[in-house]
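This report refers to the structure that appears directly beneath it.
Since every read-out is calculated from the coordinates, none of them should be taken as a lab result. Just so you know, these numbers come straight off a predicted model, no measurement behind them. As a convention, Cβ positions derive from the backbone with ideal geometry for all residues, glycine included, and neighbour counts pool all protein chains shown.
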Amino acid sequence: MRPFPGATATINVCNQALADGTISQDQAASFIKQARTLRGWYHFEAWRMWIMVPYLDETTDPFAVTNTEDISDKILADITEGTTLPDDMDQVGRFQWNCCKSAPC
């Protein structure tokens with residue numbers, strides 16, 4: 001079983017957006033920002049419960065991680081990336097910058 005399936009899914013979104021040549025560069029950038037913001041949120045929820053949790057990103061082997069470092073700076077960096085998203089994505093379910101501005105971290 002993979003740890004943090006939500007975070008792993010967002011990593012897959014980032015990788016797919018980078019590899020998929022059928023979308024524009026602007027769309028890929030937006031998808032990646034949304035995915036990283038969600039990744040930050042999932043990590044924040046885990047960090048809030050357990051403090052010392054592993055951090056998974058696009059380059060991490062999810063089966064070879066440790067929980068020996070404080071990841072709060074990485075969480076903030078991911079969530080902060082979402083503050084550059086538009087305030088009206090015009091689609092239900094899309095992460096918008098105001099979601100990140102109101103994050104409790």
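The distance between label points at residue 65 and residue 77 comes to 1.5 nm (points 7 Å beyond Cα on the Cα→Cβ vector).
Computed from label points 7 Å out along Cα-Cβ, the spacing between residue 26 and residue 84 is 1.6 nm.
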